[in-house]
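Note sheet for the following structure.
The values are calculated or read from the model by the stated rules, or taken from the named source; none is laboratory data. Predicted, not measured: the structure shown is a model, and the values here were computed from it. All Cβ positions, glycine included, derive from the backbone under ideal geometry; neighbour counts span all protein chains shown. Keep in mind that these areas ignore ligands, DNA and RNA; they rest on the heavy atoms of the full protein, side chains included. Shrake-Rupley method; radii C 1.70, N 1.55, O 1.52, S 1.80 Å.
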Amino acid sequence: MDGQKSVVLYFDNTEESFQDWYNSIHNNVSLLNEQEVEAQNSSMIESEEKIYRMGYVHEQLSANTQFDNWQRKFLVLRKDHIQIFATVPVKVSEWMRPEKAYALTQISIEILPATQGERPECIKLIAGIGDSHVISFVHHDDIVAWTNNIQVATFLAVKQMQTARFLGSWKNQRVDFIVDYSHGLLIQSDNALWNKPFSKLKSTSDDGINKLTMTFTDSSQEVVELEDLNIVVCTLQAFLAARVADIDMGFIVQAGLISPAQ
């Protein structure tokens, strides 16, 4: 767990034997990791800091090089955000100082094709503030577990958050653009100017700068200018995905982040 020591193992026998050893080591490391997550959570006072998943990954430092430009990092998925550490944190003060931390409602995850950086199990984490990280996992099971856990944790974060409010402009008026889990999309100034449920939203598009265009099922359109467009787009996607996931709570329970009783 200290991230400092490594060893190379050589096998003289068949590839099948190598695979058996590899799977055994990987499964045992995964089990120990789960036990460490439980130990960390049991020692926390604040439930908001609950850890859902953590483990070593590799981050691509630059795609513009012919060399193997990957660095080991420690990835932590918490209740409402994801953190990237240079090494595994041990002390309380180290847990408080990640290299990067992002709210789950303000990121998107893209699974990359196997040719990306010659590593087969990669995702691209894109943050609304403009950052992006290409992250590689050791095993296919890891990328499946991490992406599923991130989706479910984002759903739970949206359910807890309920409402996100952003400053913007609509028809030359300064307004609040509100994404609300129960009521959908709202534009407000001193009073509510309009409100559309998520079910009426047909599609969205943006100019990549500050304009968000929403097309509704009645063919009407609303254009809002926003100060934090990328964050708004990520948040809107998170809320829409949560509404879809809410239809089937079995998906949430199956991921193991909550019990059926919740």
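At a glance:
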{"quantity": "Residues within the range 142-182 that are free of Cβ contacts under 8 Å to residues at least 12 places away in the same chain and part of a helix (DSSP H, G or I), tallied", "calculated": "1"}
{"quantity": "Filter pass, Ser62 being among the polar types (S, T, N, Q), more than 15 Å from Trp146 (Cα to Cα) and open to solvent by 10 Å² or more (accessible area, probe 1.4 Å)", "calculated": "yes"}
{"quantity": "Sole residue being within 16 Å of the chain's Cα centre (by Cα) and open to solvent by 30 Å² or more (accessible area, probe 1.4 Å), chosen from Ile107, Ile126, Ile150", "calculated": "Ile126"}
{"quantity": "Odd one out for Gly130 among (1) on the phi < 0 side of the Ramachandran plot; (2) touching a residue at least 40 places away in the same chain (Cβ under 8 Å)", "calculated": "(1)"}
{"quantity": "Out of Lys200, Lys211, Lys171, sole residue that is among the charged types (D, E, K, R) and within 30 Å of Ser132 (Cβ to Cβ)", "calculated": "Lys211"}
{"quantity": "Residues located in the range 111-141, provided they are within 26 Å of Leu31 (Cβ to Cβ) and assigned to a loop (DSSP other than H, G, I, E, B)", "calculated": "Arg119, Pro120, Glu121, Phe137, Val138, His139"}
{"quantity": "Residue in the range 204-215 that is modelled with pLDDT under 95 and basic (Lys, Arg) present", "calculated": "no"}
{"quantity": "Enumeration of residues in the range 213-237 that are part of a strand (DSSP E or B) and either free of Cβ contacts under 8 Å to residues at least 24 places away in the same chain or of a type outside the set (A, V, I, L, M) (or both)", "calculated": "Thr213, Thr215, Phe216, Gln221, Glu222, Glu225"}
{"quantity": "Test: Leu185 is touching a strand residue (DSSP E or B) at 6+ places or on another chain (Cβ under 8 Å), over 30 Å from Ser132 (Cα atoms), assigned to a strand (DSSP E or B) and of a type in the set (A, V, I, L, M, F, W, C)", "calculated": "no"}
